[in-house]
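The values are calculated or read from the model by the stated rules, or taken from the named source; none is laboratory data. On a predicted model such as this, the values are computed, not experimentally measured, just so you know. Using ideal geometry, Cβ is built from the backbone for each residue, glycine included, and neighbour counts are taken over all protein chains shown.
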Amino acid sequence: MNRRLFIQAAAATASATLLIAAQAQGTGTSGTKRHKIVIQMSDADPGKWNLALNNAKNLQDDVGATNVDIEIVAYGPGIGMLKLESPVASRVDDAVKAGVKVLACENTMRGQKLTKDDMNGAVGYVPAGVTEIMKKQAEGWAYLRP
Amino acid sequence: MNRRLFIQAAAATASATLLIAAQAQGTGTSGTKRHKIVIQMSDADPGKWNLALNNAKNLQDDVGATNVDIEIVAYGPGIGMLKLESPVASRVDDAVKAGVKVLACENTMRGQKLTKDDMNGAVGYVPAGVTEIMKKQAEGWAYLRP
Amino acid sequence: MNRRLFIQAAAATASATLLIAAQAQGTGTSGTKRHKIVIQMSDADPGKWNLALNNAKNLQDDVGATNVDIEIVAYGPGIGMLKLESPVASRVDDAVKAGVKVLACENTMRGQKLTKDDMNGAVGYVPAGVTEIMKKQAEGWAYLRP
């Protein structure tokens, strides 16, 4: 009786241990790993904006759009990428339609006296771009600075 | 007796497991997570130096200065940021006073024949900036390249 | 008898737990941690190519070439670094000889109509540079963008 109880409990402890370890590694219990990457856009250079959008597209083409979470965070001098009149506005629209999350930094917008009316209607918002980038990495996301 | 001993030991094992898993994730046992970020400064551009200092300040304002460890590591062409006569010297002083760790790469200093007398008195030193940046990430710090 | 069985099993469970936690942290069971870093090269600037090679060399000098895995991934505008006629070709050769893995993005090569005959014979290849950089970080490698 004691022995059977012990074996059951030991098995339960071992299962829980494996589950916790898998979660610590960001893997599911099935062992598959979801790709996650945050792309920083803090440059005023439209060439860089195109590069960032190319990088996002290449990632989706390479691993499959449904297998990767991509977030582009624009802040500081990079905020222009997400303005209504941005030269890459239609490409930003396409990226959002393809499942890329594109986020503007509200801190930067306040500093540059921009409102949501000045911005591409497809984008989302975060209070502080740099905090978002830090938090995503802490949650296990990869980082890319084009 | 055997049963009571077993239950006590199983509980102890489970506690230890949870503690180890929490440490692997960089969280405390209370579940709160301390923010940690290393900011690379390897550009000779004073505009970038101001951006890096803005990023550090915004992070502190956003999550609270006591909740985030920030380290700015200057090396290669970025070392000029931390010289005595740097155009951002007073801002570097302010950052250090606000709790940001600002570190100069001694490798770079040797290469550029700089001594500590040439540097801002508020900064600290690391033997190799690039190694510091690598190690911090290995310890779970987020990375930012302004 | 039950008690001895229990103590043996509890010890085995504890060992397994520690091993799993060590693996989650990327450390060996001896407690030593191998350094790993992926260096992104996505700029067309030969000055940056030299910086990246300096960074790799400094890392090897600082922690010992046998203690660090370094991978330089060139893609987009950075692919020129790895061409046959690159101004840093001989330094790339030296880096590879010193144990640095240097990889060209085949996506970029297709886009720029480059074949392996156009490239430095010392380099290796990956299907997509940005995916390689993402995956390495997911495996616990540090990231550096010179």
* Members of region C:52-67 that are buried (at least 20 other Cβ atoms within 10 Å of the Cβ) and touching a residue at least 12 places away in the same chain (Cβ under 8 Å) -> C:Ala52, C:Leu53, C:Asn55, C:Ala56, C:Leu59
* Asked: So how many residues does region B:52-84 have that are within 11 Å of chain A (Cβ to nearest Cβ) and among the aliphatic types (A, V, I, L, M)?
  -> 6
* Structure fact -> Of the conditions (1) in a helix (DSSP H, G or I); (2) of a type outside the set (Ser, Thr, Tyr); (3) more than 11 Å from every other protein chain (Cβ to nearest Cβ), the single one that C:Pro87 does not satisfy is (1)
* Structure fact -> Taking region A:39-51 and keeping residues away from every other protein chain (no Cβ under 11 Å) and either buried (at least 21 other Cβ atoms within 10 Å of the Cβ) or under 15 Å from the mean Cα position of the chain (by Cα) (or both) leaves A:Met41, A:Trp49
* Please work out if B:Glu139 is within 10 Å of another protein chain (Cβ to nearest Cβ) and among the acidic types (Asp, Glu). => yes
* To do: Among the residues of region B:74-91, write down those that are of a type in the set (A, V, I, L, M, F, W, C) and crowded, with 24+ Cβ neighbours inside 10 Å.
  => B:Ala74, B:Ile79, B:Met81, B:Leu82
* Asked: Of everything in region B:19-52 that's within 14 Å of A:Glu139 (Cα to Cα), assigned to a loop (DSSP other than H, G, I, E, B) and not β-branched (Val, Ile, Thr), which residue is modelled with the highest pLDDT?
  -> B:Arg34
* Give the number of residues within region A:121-135 that are facing chain B (nearest Cβ under 8 Å) and either among the aliphatic types (A, V, I, L, M) or under 12 Å from the mean Cα position of the chain (by Cα) (or both). => 5
* Asked: Considering only residues of region B:103-131 that are assigned to a loop (DSSP other than H, G, I, E, B) and small (Gly, Ala, Ser), which is surrounded by the fewest Cβ atoms within 10 Å (Cβ to Cβ)?
  -> B:Gly121
* Determine whether B:Val100 is under 30 Å from C:Trp141 (Cβ atoms), buried (at least 20 other Cβ atoms within 10 Å of the Cβ), more than 14 Å from chain C (Cβ to nearest Cβ) and hydrophobic (A, V, I, L, M, F, W, C). => yes
